[in-house]
Amino acid sequence: MQPSKGSTSGLVKLITLSLMSTISLLLMMVDFPLPLLPTFLKVDFSDLPALFAALLFSPIAGIIVEGIKNLLHFLMGSGDPIGAFANFFAGLMFILPVSYFYHRFKNVKSVVSGLITGTVVMAVGMSFLNYFVLLPAYSWFMGFELEGSKLLYITAGIMPFNIIKGILIGLVFVPLFIKLRPWLEQKQIKTT
């Protein structure tokens, strides 16, 4: 008995998302701080597989990769729950605009527009999320005390970090996307 075309396509998606999540987790472990910014803010390239999943399948696929990556990272004892929550939402704020623009226009210009929009959304969104949720949660649950103004901490640390992170990921992603675009388009046709 041959498997149906729908079940094969579902299996391919499941395997692809599992591989993307694993690659994303491995990339998350290779992180580095940026000079002149708080040392616990570290750049990694773990959003790249989530971006590819979101472009290959749908925004939901990118969300799944981000979720699995952060859950596994937390379960491995490599992070705290607040950090996992923050990384998950930062990833969503970054990849969803890229996915939206790409699926709407399907060209390199739309990917670049999405990366710029995603960087701005992530920088502004994470600033608000840190101000109202994350920093108070760290203070409440982890005993983390800020030295100085919370607003200064966000404008001088959180916001520049997310802008730089978005730019760095974009600089790596665009050449990869250009190189892999024919493959992505071929796989999109076969899996839909």
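The values are calculated or read from the model by the stated rules, or taken from the named source; none is laboratory data. Everything quoted here is computed from the prediction, not taken from an experiment. All Cβ positions, glycine included, derive from the backbone under ideal geometry; neighbour counts span all protein chains shown.
Things to note:
- Residue within segment 56-74 that is acidic (Asp, Glu), in contact (Cβ under 8 Å) with a residue 24 or more places away in the chain and closer than 25 Å to residue 157 by Cα present: yes
- Residue check for residue 167: modelled with pLDDT of 95 or more, surrounded by fewer than 16 Cβ atoms within 10 Å (Cβ to Cβ), out of contact with any Cys (no Cβ under 9 Å at 6 or more places or on another chain) and not charged (D, E, K, R): yes
- Of all the listed residues (99, 110, 78), the sole one being polar (S, T, N, Q), part of a helix (DSSP H, G or I), at negative phi and over 14 Å from the mean Cα position of the chain (by Cα) is 110.
- Counting only residues that are touching a Gly at 6+ places or on another chain (Cβ under 6 Å), buried (at least 21 other Cβ atoms within 10 Å of the Cβ) and farther than 18 Å from residue 84 by Cα, segment 34-63 holds 2 of them.
Results for (1) among the acidic types (Asp, Glu); (2) without any contact (Cβ under 8 Å) to a residue 12 or more places away in the chain; (3) touching a Phe, Trp or Tyr at 6+ places or on another chain (Cβ under 7 Å); (4) part of a helix (DSSP H, G or I), shown as yes or no for each residue.
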{"position": "125", "(1), (2), (3), (4)": "no, no, no, yes"}
{"position": "131", "(1), (2), (3), (4)": "no, no, no, yes"}
{"position": "137", "(1), (2), (3), (4)": "no, no, no, yes"}
{"position": "160", "(1), (2), (3), (4)": "no, no, no, yes"}
{"position": "166", "(1), (2), (3), (4)": "no, no, yes, yes"}
{"position": "172", "(1), (2), (3), (4)": "no, no, yes, yes"}
{"position": "175", "(1), (2), (3), (4)": "no, yes, no, yes"}
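- Test: residue in segment 79-101 that is under 22 Å from residue 183 (Cα atoms) and surrounded by fewer than 18 Cβ atoms within 10 Å (Cβ to Cβ): yes
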